[in-house]
1. With a cut-off of 8 Å between alpha carbons and a minimum separation of six or more residues, what is the relative contact order of segment A:2-144 in percent?
2. How do B:Glu155, B:Glu167 rank when sorted from fewest to most other Cβ atoms within 10 Å of their own Cβ?
3. Of the listed peptides C:128-139, B:45-56, A:118-129, what is their order by residue-averaged count of other C-beta atoms within 10 Å, with the highest listed first?
4. Evaluate peptide B:44-50: per residue, the Cβ atoms of other protein chains within 10 Å of its Cβ; return the mean as an integer.
5. Report, as an integer, the average count of C-beta atoms from other chains found within 10 Å of each Cβ along C:126-139.
6. If we count other beta carbons within 10 Å of each Cβ, what is the order of C:Phe59, C:Phe108, A:Phe140, fewest first?
7. Just the number: Rg to Rh for segment C:9-84, Cα atoms, Kirkwood Rh, two decimals.
8. Please identify the helices of chain A, taking whole runs of DSSP H, that span at least 30 Å along their own axis as judged from the Cα atoms and have a mean Kyte-Doolittle score of 1.0 or higher.
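Bear in mind these aren't lab numbers, they're just calculated from the coordinates by the rules spelled out. Model, not experiment: these values are computed from the prediction. Cβ atoms come from the backbone with ideal geometry, glycine included; neighbour counts cover every protein chain shown.
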Amino acid sequence: MSPHLILRVISKLLIPLIVVFGLYVQFHGDFGPGGGFQAGVIIAVAVILYALIFGMDEARRAVPPTVVRYGAAAGVLIYAGVGIATLLMNGAGEPLNFLDYDALHPDQGHHTGQHYGILLVELGVLTTVSSVMLAIFYAFAGRVPDIPDEEW
Amino acid sequence: MLEILAERFNYIPIIILMMIGLYVVIATGNLVKRLVGLSLFQTSVFLLYITIGKVFGGGPPIIVDDGHHGEDAGHGAEAAASHGAETADHAAAATDHAAEAADHAVDAAHQAAEVLYSNPLPHVLILTAIVVGVATLAVGLALVVRIREAYGTIEDDALNAADYSLESGSAE
Amino acid sequence: MNHADLTQYLDYLLIAMLLAVGFAIVRLRNLFAVVMLTGVYSLLCAAWFVSLDAVDVAFTEAAVGAGISTVLMLGAMLLTARESEPAGAGRHWAAFAVVAAAGAALFFAIPDMPVYGDAESPANAYLGRDFMERTPQDIQIPNVVTAVLASYRGYDTFGETVVVFTAALGVMLLLGFGSGARRKDEEED
């Protein structure tokens, strides 16, 4: 590992920036290109870069596989939870719709409910996509290849 | 005929790319390369959808607001209208405001209608298809890895041979 | 129609590069080269998506197609094989016949497709424009793609999130949780 000094230093600088960029993509998705799917992939890529440079064991210590597994399920639950919340928070006499974000906030003039709903739903997508990509990466990287290196 | 094709020239390279993917899927026995061919085919279908949604002279489907004026006017109209309904005292003034604001909103809408945008619906379809595509690709690759562990090869001729020898071996 | 647009030459260049990369993928047998060229192909597609105004799609293709899938295919290649066997002659001609027939059928269907870049074509004139006009009133966010994705089509996106979750579940069932606990203890089969 020691020969890759420059790689290690540069990637240590870059990984936080990649995560910040991922969060920017996530929360700026309403105004420009971006959203939960892209941000989730970018954040997963930051961890994958860490694993490539510092090794799988370090990456597993930073982001444990248990967290990844719970995260994948938590994102789906956030998304479904928003849908159920819209069912429960609906005012009397309004039509009952799963994922009808207007029910989340009484301010219909500015569509604040829609903005809250999109924000929460994208958060669920972010959690699931980043966790799933990491889980798949861990699953592949956790296997030990039985092909000898001479075959390269 | 030539003119019809020239107006639709975008489909020709996309069909060729699709057929390249299909050829790789059929002709190669290596399961990893076959998945590569499948993803080539998939990406070509994405291209097909996106080119259909392209509008010449249009921009990306992100609405350009010329300042927040138009939006605010719209809100103003709604808010003023609701106020007008509530309070009878300021009804006259409020409706004045509402009318003025509504005029602004109409102006803004008129301006927005002149800006061309590409069709956003294919983009939405393909956006989710890409993410689902990588998820299914991962499942396919995981199956290939398991096949390699069970059989020691990922060439489908060798896999068939191994299966037949297994069958004849159990029959003995 | 506005054909006098300089970006069309960029499009031609990208199409030529896509075709070159596609034929190279068919010809090459070294799987490492094939996987890296797939990443290049995705990146070229992303560039063309930008030119086609699909910025969200380009972003996703660059992050997912060129990033994650290349990493996954490299990981799978590391666990399986380095070279692919060449196709036999019989197989090559059978595949070629199928591809020629399917390609000819698709080519025959081109005149029925909407004209490229036409704002008044049936594909673009009705529903897409309707969503562009309704989003500022219904949702009030500038990015229509996000609005359709998360709100109008929120139920669909929920289904797709579940699909992604299920895929991770499938991979974990097939390959283990990747915790490194079961390294080489599968000698019993």
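1. Details: 174 pairs, mean separation 40.7, N = 143.
Contact order relative to length: 28 percent.
2. On the way: B:Glu155 18, B:Glu167 9.
Ranked by crowding around the Cβ, least crowded first: B:Glu167, B:Glu155.
3. Numbers: C:128-139: 18.7, B:45-56: 22.3, A:118-129: 25.0.
Highest mean packing first, the order is A:118-129, B:45-56, C:128-139.
4. Numbers: counts 4, 0, 8, 9, 2, 3, 10.
Partner-chain Cβ atoms within 10 Å, mean over residues of B:44-50: 5.
5. Values: counts 1, 3, 11, 7, 1, 6, 12, 4, 0, 3, 10, 5, 3, 9.
Average per residue, whole number: 5.
6. Numbers: C:Phe59 26, C:Phe108 9, A:Phe140 23.
Ordered by Cβ neighbours within 10 Å, fewest first: C:Phe108, A:Phe140, C:Phe59.
7. On the way: Rg = 13.3 Å, Rh = 12.9 Å.
Reported Rg/Rh, Kirkwood definition of Rh: 1.03.
8. Numbers: long enough: A:5-27 (34 Å, 2.05); A:65-88 (34 Å, 1.44); A:112-141 (43 Å, 1.33).
TM-like helix candidates: A:5-27, A:65-88, A:112-141.
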